[in-house]
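Only one structure is covered here, and it is reproduced in the block below.
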Amino acid sequence: MDITGRVEQAITSLLDNGARLQGPAVEGHVSRLRRAHPGESPQQIVDRLERTFLLAVTGSGGAVGAAAAVPGIGTAGSIAAVGAETAFFLEASALFTLAVASVHGIPVDNHERRRALVLAVALGSAGMEIVEKAVGKTTKNWGALLSGKLPTQTVRGMNNSLVHTFVTRYAVKRGALMFGKLVPAGIGAVIGSAGNRTIGKGVIANARDAFGPAPAHWAVTVDAYPQPIPGDYPQGV
């Protein structure tokens, strides 16, 4: 298996098997926010999700960039830190996307649909084109297309296209950012923070395009959500 195939397999494994990406954990996180802020509307909760996601990924990028300036860590240690931070960024993006989908009432309990939602939002317009082509429909806010009853074979074929496109495009962006983070003398911290913030803003913009404005009112009471599980979300996300 070539390196692209291995990366695709790793991403698929994360999206399918990550415990914090399962439906109950995501809904538990939304439940925790709703219980902490009982008077807030769906849009206000989405705003909170956006802010905490952006703060988390910006902070992680800066921390890894700063590590390159620490004597004794070395290039190998810095690269390992960048790899771990990249995995964190991907998981944080996935959790953010699925939490927003949950606020919109889009189910996140099927692993194929979870994968499609996360990858399509990460890709933005390119993801939208793949989804619309597979589903055979076009719409302004296309996230809801994935909540319909699509044949399993259709979703799998769509996901194959999404993951391949994601790996090639994401690798270019993150690859350039990775080498920037390794620049010593504190410059890497600036590059890491700014780069992650830019890509994070892109994920937020894509989610807004995919799902549109949040519902005016909650479709279910907060008691209908599962009780949040401690540690079900990365710190700061």
Check: Is region 132-139 home to any residue that is modelled with pLDDT of 90 or more and either of a type in the set (A, V, I, L, M) or open to solvent by 40 Å² or more (accessible area, probe 1.4 Å) (or both)?
Finding: no
Checklist line | Pairs with Cβ under 6 Å, 6+ apart, first in region 31-44 and open to solvent by 80 Å² or more (accessible area, probe 1.4 Å), second assigned to a loop (DSSP other than H, G, I, E, B) and not aromatic (Phe, Trp, Tyr) | finding: ARG32/PRO228
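Quickly run through region 116-131 and pick out the residues that are over 29 Å from GLY59 (Cβ atoms) and open to solvent by less than 20 Å² (accessible area, probe 1.4 Å). Explain how you work it out, then say what you get.
At the first step, the residues of region 116-131 found to be over 29 Å from GLY59 (Cβ atoms) are 128-131.
Selection gives VAL131 alone.
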Notebook entry, point to check: Can you spot a residue in region 86-104 that is farther than 26 Å from HIS29 by Cα and at pLDDT 75 or above?
Noted result: no
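How many of the residues in region 85-115 are in a loop (DSSP other than H, G, I, E, B) and open to solvent by less than 10 Å² (accessible area, probe 1.4 Å)? Don't jump to the end; show me each part of the working.
Narrowing region 85-115 to residues in a loop (DSSP other than H, G, I, E, B): 104-110.
Adding the requirement that they be open to solvent by less than 10 Å² (accessible area, probe 1.4 Å) leaves 108.
So the answer is 1.
The values are calculated or read from the model by the stated rules, or taken from the named source; none is laboratory data. Predicted model only: the values in this text are computed from it and were never measured. So basically every Cβ, Gly included, is an ideal-geometry build from the backbone, and we count neighbours across all protein chains shown. We work out accessible area using only protein heavy atoms, side chains counted, and drop any ligands, DNA or RNA first. Shrake-Rupley method; radii C 1.70, N 1.55, O 1.52, S 1.80 Å.
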